[in-house]
Amino acid sequence: MPDLRVFVTTSNSYLPALRPFSYLFNKYWGSDAQVVVVGFDAPQFDLPDNFTFYSIGNQDDYPVSKWSDALIKFLNDVPDEVFCLLLEDYWLIRPVNREAVKMLYDYMGQFRYVIKTDLCADRLYAHGSKDYGHCGYLDLIISMPGSPYHMSLWPGLWSKEHLLRTLIPNETPWDIELIGTTRLSHDQSVIVIGTHNYPVRITSALRGGEHSKLLLSELEDGDVRELRKLGFLEHWESE
């Protein structure tokens, strides 16, 4: 398969989060990774060279109740069969095991019935997960249908074909995770997997849908100091 691309969703009010996101992403994942930011209005600041911006259109046409519509439109416009999906407030806090990510990406290219591979510890600690063989030195787990947040949007690799079949219009991200879990749990043609060796570690820096609420406790102290020095936290700390 071609090189993995990372898709990062955002909205106009969350654009300031892209500055700390991109700094931490390039530090812990690498500045050679291909990142596509998926949003509406382009940010009024420069993104790193490995970041490109894709505008879905006018944000007024895609309120949060139509978050799924925007994602569906974007996915229908790109050729990637498997991709990594992140939100702009998923800030990396540790170096990414890129070898492991590549192994799991190749695994999904081979085993087409995998709709999602969790890259963090979300499925590992979900109720009902079970061991599921291995991929190289990675010990796999399977998320059992009906487990809480089986359709979680936490960082993972996704099959575009299966995700598009599962998404429906007029859903918020929270609808996708909750109502979508029921839909996905009834689809016996696909599985959700994860690993004991989760290769990506993040913090959700803006929680509960409150773009003004910043949580930095899981970041390294040195990273917080550098982000402040760069002025990347001023949007929240000046309020």
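Bear in mind that the values in this text are calculations on the coordinates, not laboratory data. A quick note: this is a predicted structure, and the numbers were derived from the prediction, not measured. Cβ coordinates were reconstructed from backbone atoms using ideal geometry, including for glycine residues, and neighbour counts include every protein chain displayed.
Side notes on the structure shown:
- GNM on the chain, alpha-carbon springs under 10 angstrom: the most fluctuating residue among Asp49, Asp139, Asp80 is Asp49.
- Of the peptides 159-169, 107-117, the order by per-residue mean of other Cβ atoms within 10 Å, starting with the highest, comes out as 107-117, 159-169.
- With K and R counted +1 and D and E -1, the other residues having a Cβ less than 12 Å from that of Lys130 yield a net charge of -1.
- The chain: angle of helix 67-77 to the longest principal axis, Cα-based, in degrees nearest 10: 80 degrees
- Choice from Val224, Val96, Val82 showing the highest fluctuation, given a GNM over the chain with Cα pairs closer than 10 Å: Val224
- Fluctuation leader among Leu104, Leu184, Leu215 - the chain, Gaussian network, Cα springs under 10 angstrom: Leu215
- Here Met151, Met103 are placed in order of increasing Cβ neighbour count within 10 Å, fewest first, which gives Met103, Met151.
- Taking label points 7 Å from Cα along the Cα-to-Cβ direction, Ile93 and Val224 give a separation of 1.1 nm.
- Candidates Ser147, Leu178, Gly231 compared by Cα position along the dipole of region 5-237: farthest toward the positive end lies Ser147, with charges placed on Cβ.
- Net charge dipole size for region 5-237 [Lys, Arg +1 and Asp, Glu -1 on Cβ; Debye, nearest 20]: 420 debye
- Structure-based [θ]222 nm, the chain - -39500 (n - 2.57) summed over DSSP H runs of at least 4, per residue, nearest 500: -8500 deg cm²/dmol
- Of all beta bridges that DSSP places with both ends in the chain, some 50 percent have antiparallel geometry.
- C-alpha long axis of helix 221-230 to longest principal axis of the chain, angle in °: 50 degrees
- Filter on Lys73/Lys130; Lys130/Lys160; Lys102/Lys160; Lys66/Lys213 - keep pairs with C-alpha separation over 27 Å: Lys73/Lys130
- Between Ile179 and Tyr132, the C-beta separation translates, for a Förster distance of 30 Å, into a calculated FRET efficiency of about 0.70.
- Packing, as the average of other Cβ atoms within 10 Å across residues, places the peptides 69-79, 118-128 in the order 118-128, 69-79, highest first.
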